[in-house]
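Take this structure first; my questions come after.
Here, each number is a calculation from the coordinates, and none is a lab measurement. These numbers come from a predicted model, not from an experiment. Cβ atoms come from the backbone with ideal geometry, glycine included; neighbour counts cover every protein chain shown.
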Amino acid sequence: MVQEQTKARFIGCGLLATVVFLTACSPNAPTSAISGAKSEGVSIQEASLKYLEIESVGSSKAALGGVVPGRVAFRPQAMAAIGTPMAARVLSVDVRPGEVVKAGAPLITLQSADVAAARSALAQAEARAAAAEDLLRRQNEMVKKGVGLDVERFGAETAAREARAELDRAGRAVALIGGGSGDRFVLRAPASGVVLAIRANVGAIVSPGGDALVDVGDPSKLWVVADIPESEVGGIVSGQLADVRVPGADAHFEAAVDGVGQVVDGEQRRLPIYLALKGEVRKLSPGMLAEVRLNAAGEIGLSLPSTAVLIKDGSRRVVYVQRPDGKFEARVVRTGVSREGRVTILEGLQSGEKVVVRGALLLDSEAEQLL
């Protein structure tokens, strides 16, 4: 029994010695080139210094991002979606996709019993209003002559007000369907433009609140929507200049940032920006792909190459600063926008400090590289 225990201790010590030896020889082991606690700084062997690149923190000027993808789109005020105000049946489609139309041009002719009822109600309301106004006029004349009663005049005024209100309601209902008579009405273009889409077939029953039957857009009111990484949005301001290339139209444009979206795409981590184009845009079509380069350079403050920043514990941004004694100290920083491979440092560093910009993972094997 004693011999077996002694043998077990011997084997255990051998395994422990083997683990220690392998750890010391492993190229991934932090103790191979590093020694010292974080609070005292990290030392690295002289032979490993050649794998580090160190740079002094400073400010720089850089253009944003480079080329980012974009697309040509209608401005919101350039689109009109026309639907039916009442349940109806499509009698005819009077336009075709791509057709240029002027304001007031007929688009679709429909038939509806509700339209006939609305027009009839308007005619009745007009008649009642006329009768009520005539009665009120006569009561006023009788009161002036001293042969009328105030209570009767008051009743006539009340009836006239009610008739006017009913006439106004009926008029608004008919205004939605436009002029005409009977049970037919015509949907017309609210503004000049191009017919983009038609979603109506002859004989189909259509209802209010459903999909638009016709889309009309003004081809002279276009802009470009570009998708910017969320890390760069902080450096974008309204009016900032840009160059836009639309390969499909073989065209280049000067542009300016007209607005910045407020919702980040959850998958792509990008935010839309809207650019107003300068020059003639009629040869462009909505949906065309564009290439956008924000070309206004500006001071971005303290910055480092993105490779200098490590991620600790999934969220903390850390850089390694070389101290005057030659040791390296982990420093938590707050980063800003990324521009052309460099990242803005908002907090945690001062100008002139020396930071490891390449090879920092040799100092901290538990960290991850900021992409």
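Order of 321-334, 79-92 by packing, highest average Cβ count within 10 Å first?
79-92, 321-334
In region 117-189, if the dipole is taken from +1 on Lys/Arg beta carbons and -1 on Asp/Glu beta carbons about the Cα centre, which of Val147, Ala173, Leu136 is farthest to the positive end?
Positive-end residue among those listed: Ala173.
What are the ³J(HN,Hα) couplings of region 87-101, residue after residue, when phi is run through the Karplus curve with 6.51, -1.76, 1.60 and θ = phi - 60°? Round to Hz, x for glycine and proline.
4, 7, 10, 6, 8, 7, 9, 9, 9, 10, x, x, 6, 8, 10
Related question: Have a look at Val225, Ala204, Leu122 and report the one farthest towards the positive end of the charge dipole of region 105-230, computed about the Cα centre with Cβ charges (Lys/Arg +1, Asp/Glu -1).
Leu122
Could you compute the FRET efficiency for Arg184 and Gln124, with r as their C-beta to C-beta distance and R0 at 30 Å, rounded to 0.05?
Once the sixth-power term is evaluated, E becomes 0.90.
Taking 25 Å as R0, compute the FRET efficiency from the Cβ-Cβ separation of Ala197 and Glu267 and round it to 0.05.
0.35
Between Ala204 and Met142, what is the spin-label point distance in nm, taking each point 7 Å from the Cα along the Cα→C-beta axis?
5.8 nm
With +1 on each Lys and Arg Cβ and -1 on each Asp and Glu Cβ, and nothing else charged, work out how big the dipole of region 115-238 is about its Cα centre, in Debye to the nearest 20.
So the dipole magnitude of region 115-238 works out to roughly 720 debye.
Note the full-extension length gain between Ala249 and Asp150 as 0.36 nm times their separation in residues minus their Cα-Cα distance, in nm to one decimal.
Once the chain is fully extended between Ala249 and Asp150, it gains 27.9 nm.
Rg(Cα) of region 161-206 divided by 2.2 N^0.38 Å?
1.62
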